[in-house]
Amino acid sequence: MKILLVNCYYAPDFVGGAEKCTELLAETLAKKGHTVKVFCLSHAQETKVGAVEVYRADPGRFDVEARITVSGSFVTRFKNKLVEISNRAVGRQLARVIEEFSPDIVHCHNLYGLSSICWKICRKKGVRVVQTCHDFWMFNGYSHPGGNPIFRAIHRAVYRKRSRFVDFVTAPSDFALAHVRTFGYFPRAAFRAVQNGILMDADAIQNAIADKLKRENAKLTFLFVGALEEIKGIRQLLTAFRALSAPHTLLICGKGSLAPLVEEAAREDARIRYLGVLQGEAIEQVYRQADVCVVPSGGLETFGLVVIEALKNGCDVIGNARGGVGEILARLGVGRPIEPEKEGALRAALENIDRAAIRDDAGKIYPAILEYNIDRSTELYLAVYREVLAHSEK
């Protein structure tokens, strides 16, 4: 099968979980013998990453650097918002790629900067479209609550109209899929939850769990991995952790607008260590070092890739009881679900978790965690592709 994956960014540009999910899906599809190409915005320069060819499109009037770094003047950010409604420069390039590559299916992911014109171009070229909703940006034009109501209305009107060109919609959790359906988009599409997957090694997982089961020290190492933004709950975590009297450690990995706040907290409290942005083996080592991963997002996550990474490395998890994070914890029967908006809930969870509770959860992780293996996720996507193509032949 010839598959074109479309996402705003692609490796080595990692802005969020969608980039990692897209890369893992592309590489796994290629390993299974499919011909895969990626279409994304130009930022990094690589035209081939691993076994996958990458077309990095000229973004036209869209400022990629400002979008990735959440920077730029008001004028730059306003212009980006307008371009995200309909990026015609991207549309022309996508049309050429489709003509040259002639894919059987186009699988769209995040469309920041690319815009919904991608759906329209695919329909014009007679190619079926699968859309995965990793977040809710496309439904309001913002990745956070608020925003200009006039712009939000225009964005929704354009995206809702063009959504009729999409054949199949997936989301990484039942919660996310149900929420997607409330917006009234995709009138002609079928819907299905397809969980994200990551690379897994059964022996490595069991070794990590065995290591956690052997630990006896009452001093715990907590870990936060993610964007250092208000919506991710990092401010609340710092407040709750600094209120603890126990000599635990808090490791923080990530970047964002609240990095100065994290750096200040680390200077004032020796128990807090800010490690910046880590990838690959470096972040794996931190997961193995940690006892408990804390995911205190105030917003409702559509999934929780950090949760899967943490569990794969034998960590316990404190996370939002609702949304995609809560869904994973409930499905696997592990972790400490909380309601982070409730005063004192996060601090209580940090105070009450102990070595015995961590060992109890560690013993439940394997083999249940294998449900989130990238091989399984890829097979589920392939089933969607085949269903779409079979329907188009009728």
Determine the sum of side-chain charges near Asn80: Lys and Arg each +1, Asp and Glu each -1, restricted to other residues whose C-beta is under 9 angstrom from that of Asn80. +3
Once you charge only the Cβ atoms, +1 for Lys and Arg and -1 for Asp and Glu, what is the size of the charge dipole of the range 202-371 about its Cα centre, to the nearest 20 debye? 280
Which residue, Pro340, Ala218, Phe191, has the largest displacement toward the positive end of the dipole of the chain when charges sit on each Cβ (Lys, Arg +1; Asp, Glu -1)? Phe191
P(r) of the chain over all Cα-Cα pairs, 20 Å bins starting at 0, rounded to whole percent, reads 27, 57, 16, 0
Set Lys and Arg Cβ to +1 and Asp and Glu Cβ to -1, take the dipole of the range 202-371 about its Cα centre, and tell me which of Gln289, Val277, Gln236 lies farthest positive. Gln289
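What does the charge dipole of the chain about its Cα centre add up to, to the nearest 20 debye, if the Cβ of each Lys and Arg holds +1 and the Cβ of each Asp and Glu holds -1?
Numbers: 53 positive and 45 negative charges, 333 e Å.
For this selection, approximately 1600 debye.
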DSSP bridge pairs, the chain: antiparallel proportion in percent, nearest 5: 5
So, by mean Cβ neighbours within 10 angstrom, what's the order for 368-381, 9-22 with the highest one leading? 9-22, 368-381
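Given Lys31/Lys81; Lys120/Lys255; Lys32/Lys212; Lys2/Lys124; Lys20/Lys255; Lys81/Lys120, which pairs have Cα atoms separated by over 25 Å?
Working: Lys31/Lys81 37 Å; Lys120/Lys255 35 Å; Lys32/Lys212 34 Å; Lys2/Lys124 18 Å; Lys20/Lys255 16 Å; Lys81/Lys120 19 Å.
Result: Lys31/Lys81; Lys120/Lys255; Lys32/Lys212 exceed 25 Å.
Find the relative contact order for the chain and round it to a whole percent, using C-alpha pairs within less than 8 Å whose residues are 6+ positions apart.
On the way: 729 pairs, mean separation 54.6, N = 394.
Computed value for the chain: 14 percent relative contact order.
Using +1 on the beta carbon of Lys and Arg, -1 on that of Asp and Glu, and nothing else charged, what's the dipole of the range 1-143 about the Cα centre, debye to 20? Display every interim value, and only then the final one.
Values: 20 positive and 14 negative charges, 108 e Å.
Charge dipole, the range 1-143, about its Cα centre: 520 debye, nearest 20.
List the relative contact order of the range 202-371 as a percent without decimals, with contacts defined as Cα pairs under 8 Å and 6+ residues apart.
On the way: 293 pairs, mean separation 44.3, N = 170.
It rounds to 26 percent for the range 202-371.
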Along the charge dipole of the chain, which of Ala227, Val158, Tyr381 sits closest to the positive end, that is, farthest toward it, with unit charges on the beta carbon of Lys, Arg, Asp and Glu (+1, +1, -1, -1)? Val158
Which net charge results for the neighbourhood of Asn217, defined as the other residues with beta-carbon distances under 14 angstrom from its beta-carbon, given Lys and Arg at +1 and Asp and Glu at -1? +2
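Each value in this text was obtained by applying a stated rule to the coordinates, not by laboratory testing. Since this is a predicted model, take the numbers as computed values, not measurements. Note that we place each Cβ from the backbone using ideal geometry, even for glycine, and neighbour counts take in every protein chain shown.
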